[in-house]
């Protein structure tokens, strides 16, 4: 595989300074103080997480409507200036960088819940609505939206990266929980990808094509989302295991027995230590599964009992229940804050985002080999995982002043992806490609599928203005 | 809306006779007696269901491998001759017609189950494997594949039309149950759309793009499918209602209460009569829900009890259980044979395939208005529906010798689609577009989304050889 230096896009040229100046002038006239050009604002709107370099756009527009987004895209298209959409800035693979400059469109002010159809278990939201905001809005109606990446991300961004999180094992990913989208395409046209019916066989699935396209085909300006009733009963618990392998084996058995578990999250020893420190928990520092069950009272009791038996057979236990909602929330908040917790293990370092996902039958083997690799590489690298889906994250903590460490981490990351691909897995289960995973796509898909993706990109965006330099960068 | 005459494609020209002759000559040399040119065989491989006219290809090749499919497509591409894939011939919208001639590729001999990964709950099959064949193959391992359109369709065809059926309310459609595909594209390249991992955020979703593309973007040559454990307990039953509206109201309440019902099927009075006649059942001739619950013993009992309460509140009942597997199978076989049963209501007629799907909150209203329309139109037209998804089928039985009847049925069908679209529904919940529903796509999506679909078609198939004249026909 190629080195991290090759993540650069094939687009070699920025637009001319004159083109950028023309666009900024026109947008300034239209948007007034909703256009910003200060370096601080521009840097905030480029990539800010993990190890990738910050590559700011030339200006930021704060959009308030689909019409605003359309106006910016149309103006940029005229001058072939890039457009980079921005939600909350929590993506992990350089999705927000502007390697060729251009205009960042901040969608955070488009944060209205437009419609809730409780009877149909769906709602329509603007792209800047965050998952927590939506769930607070819905709570009184007994409804919730299940997809929960670690960050309180925007729903538009979550659709763009095909995000998932801890609940995906039961509720699926964004792919499964978006009914329809409105998007502005590179030609300035506004498309509605589907009706609100629960299923349809009417033509090509534009909804799923835009989900995971990371702003390279269109900019999402509203989303129709599937909702779920808040379960009658929820029970969470933690279960320690003698080894990560034993925890993975218990996970595999749980899935294979068809227990409809809502969450099943692995934390290795080091990750438990990080959560204890950061989130003031008192967990024993050994490999751990955090689990949750949703259903009726009777159903949840039945699921929990079965899981307890499986855990015991794998050498795990004792199982501890967090029965009070506040304890349960504390537990899951700690899991969601894990991204921040790890840095306390080695202050001043940065983390490489890894995100492989393998068929569940290969999970224990993949994690175990990875642990050996970590030990051999001398890296400090906690492991957590949405293991019910076969997805896990290793977070090597790297002193970015130390080239040898960077090299070691890159080597580790490449081997991890090779290992996952050899096991019929993927280089990214939920973070997306952005800039960081581009170099792995050909090994994952082969040249013909990658060329088919490029054909779609060319068809939708012939001048390569939509978030260029990401996924399948065009020359 | 336009009349049925306008379903013709924009492609005006057949390939030259010389081009077709060259292709047939070359394919005959390669495939020997696996190439057929008799009219009888060609007509069998074109559209044979419902009212659309049969438009045969110029020849049929019986493929046995991905390489065979690739050879045919490559040869046809060279001479710009159309290619029409064929599974079991059970599609309903003229998907198999060859309005511009060309080569039909019969995939029925590609009927091997290639791999079963019981631990991962998935399998890999060739496109000619049918759903019943697969489920017989899997039964000993305690696994099943849930998607069940009425016919014993091929899984390749089911993917191509984004099929669903009675179980979709719980298990989703083909969109949700295919992990990956192998397909031959118009350029002769073979693409693998995804790895076997349960989820991925790696680039554009080629899997979902091909699902529902009806052979217009590529020909599926293998599928990786999600499997499910056969539930510990299954219970089915029938519940009569005083009106179709009452049955729809009970369905809405069931979905809104979050009961994970596995099947909930509406039959109106006329449909019950048809099933009684055709399948020798003894059901009371009144509107009816056929339901099924999957889960553990305790869970199924709990679900059934809750459903019974809801049915009673809507004025339905008494609820009768089919506890013995043979009674249960007889019930569902009758439901699946409904397509054939209706013709007994009026022998010698043909049926127009209708397939609208609306948000569940609008279901009772949509069905009730449709019943009024049927009465006013003087049509004989039973209604059945996968009502848990808001999807229902009306089958007007038409004497095709009587132009006034045909006109009345066309008018009914157009009003039905307009009604569904006005309620945020779709013109086709599960049958696909084919030739029959093309005229409704612009009203459903608007011109910008339709143009985006055309851009995809052009990008994948610039010479318009892949099942031309379907979905978004190109000029």
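Remarks
- From the list A:81, A:69, A:61, the lone residue that is surrounded by 19 or more Cβ atoms within 10 Å (Cβ to Cβ), at pLDDT 95 or above and under 16 Å from residue A:468 (Cα atoms) is A:81.
- Test result for residue B:261, in contact with a helix residue (DSSP H, G or I) (Cβ under 7 Å, 6 or more places away or on another chain), part of a loop (DSSP other than H, G, I, E, B) and over 21 Å from residue B:379 (Cα atoms): yes
- Looking at A:398, A:406, A:383, just one residue is under 20 Å from the mean Cα position of the chain (by Cα), over 28 Å from residue A:105 (Cα atoms) and more than 11 Å from chain B (Cβ to nearest Cβ), and that residue is A:383.
- Number of the condition not met by residue B:248 [criteria: (1) outside any strand (DSSP E or B); (2) farther than 27 Å from residue B:117 by Cα; (3) more than 13 Å from chain A (Cβ to nearest Cβ)]: (3)
- Of residues in the range A:132-141 being closer than 25 Å to residue A:260 by Cα and in contact with a strand residue (DSSP E or B) (Cβ under 7 Å, 6 or more places away or on another chain), the one nearest to the other protein chains (Cβ to nearest Cβ): A:141
- Matching entry among A:224, A:254 (being at the interface with another protein chain (Cβ under 10 Å from one of its Cβ atoms) and crowded, with 23+ Cβ neighbours inside 10 Å): A:224
- For the range B:432-469, the set of residues classified as touching a helix residue (DSSP H, G or I) at 6+ places or on another chain (Cβ under 7 Å), farther than 23 Å from residue A:455 by Cβ, within 11 Å of chain A (Cβ to nearest Cβ) and crowded, with 21+ Cβ neighbours inside 10 Å consists of B:438, B:440, B:444, listed by residue number.
- Only a single item in (1) touching a strand residue (DSSP E or B) at 6+ places or on another chain (Cβ under 9 Å); (2) crowded, with 22+ Cβ neighbours inside 10 Å; (3) within 14 Å of chain A (Cβ to nearest Cβ) is not met by residue B:352, and it is number (3).
- For the range B:84-93, a residue qualifies if it is buried (at least 23 other Cβ atoms within 10 Å of the Cβ) and either within 14 Å of chain A (Cβ to nearest Cβ) or modelled with pLDDT under 95 (or both), and the qualifying residues are B:91, B:92, B:93.
- Condition check for residue A:389: within 14 Å of chain B (Cβ to nearest Cβ) and at negative phi: yes
- Residue check, residue A:239 crowded, with 23+ Cβ neighbours inside 10 Å, within 22 Å of the chain's Cα centre (by Cα) and more than 26 Å from residue B:117 (Cα to Cα): no
- The range A:415-430 - residue that is within 8 Å of chain B (Cβ to nearest Cβ) and surrounded by fewer than 23 Cβ atoms within 10 Å (Cβ to Cβ) and, of those, farthest from residue A:442 (Cα to Cα): A:424
- Those residues of the range A:95-124 which are under 23 Å from residue A:473 (Cβ atoms) and within 14 Å of chain B (Cβ to nearest Cβ), in sequence order: A:95
- If you check B:197, B:183, B:163, B:168 for being touching a helix residue (DSSP H, G or I) at 6+ places or on another chain (Cβ under 7 Å), buried (at least 21 other Cβ atoms within 10 Å of the Cβ) and within 30 Å of residue A:355 (Cα to Cα), only one passes: B:183.
- Qualifying residue in the range A:220-230 (condition: in a loop (DSSP other than H, G, I, E, B), free of Cβ contacts under 8 Å to residues at least 60 places away in the same chain and farther than 27 Å from residue B:212 by Cβ): no
- Residue count for the range B:161-213, restricted to those that are in contact (Cβ under 8 Å) with a residue 60 or more places away in the chain, more than 7 Å from chain A (Cβ to nearest Cβ) and closer than 22 Å to residue B:94 by Cα: 4
Table: residues versus (1) in a helix (DSSP H, G or I); (2) in contact (Cβ under 8 Å) with a residue 60 or more places away in the chain.
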{"position": "A:388", "(1), (2)": "yes, yes"}
{"position": "A:392", "(1), (2)": "no, yes"}
{"position": "A:429", "(1), (2)": "no, yes"}
{"position": "A:451", "(1), (2)": "yes, no"}
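- For residue B:324: the one exception among (1) in contact (Cβ under 8 Å) with a residue 24 or more places away in the chain; (2) away from every other protein chain (no Cβ under 14 Å): (1)
- Any chance residue B:293 is touching a helix residue (DSSP H, G or I) at 6+ places or on another chain (Cβ under 7 Å) and under 17 Å from residue A:296 (Cα atoms): yes
- Here residue A:89 meets each of (1) in a loop (DSSP other than H, G, I, E, B); (2) more than 24 Å from the chain's Cα centre (by Cα) with one exception, condition (2).
- Qualifying residue in the range A:142-153 (condition: within 18 Å of the chain's Cα centre (by Cα), under 14 Å from residue A:178 (Cα atoms) and within 12 Å of chain B (Cβ to nearest Cβ)): yes
The values are calculated or read from the model by the stated rules, or taken from the named source; none is laboratory data. Quick caveat, the model's predicted, so the values are computed rather than measured. All Cβ positions, even for glycine, are placed from backbone atoms using ideal geometry, and neighbour counts span all protein chains on display.
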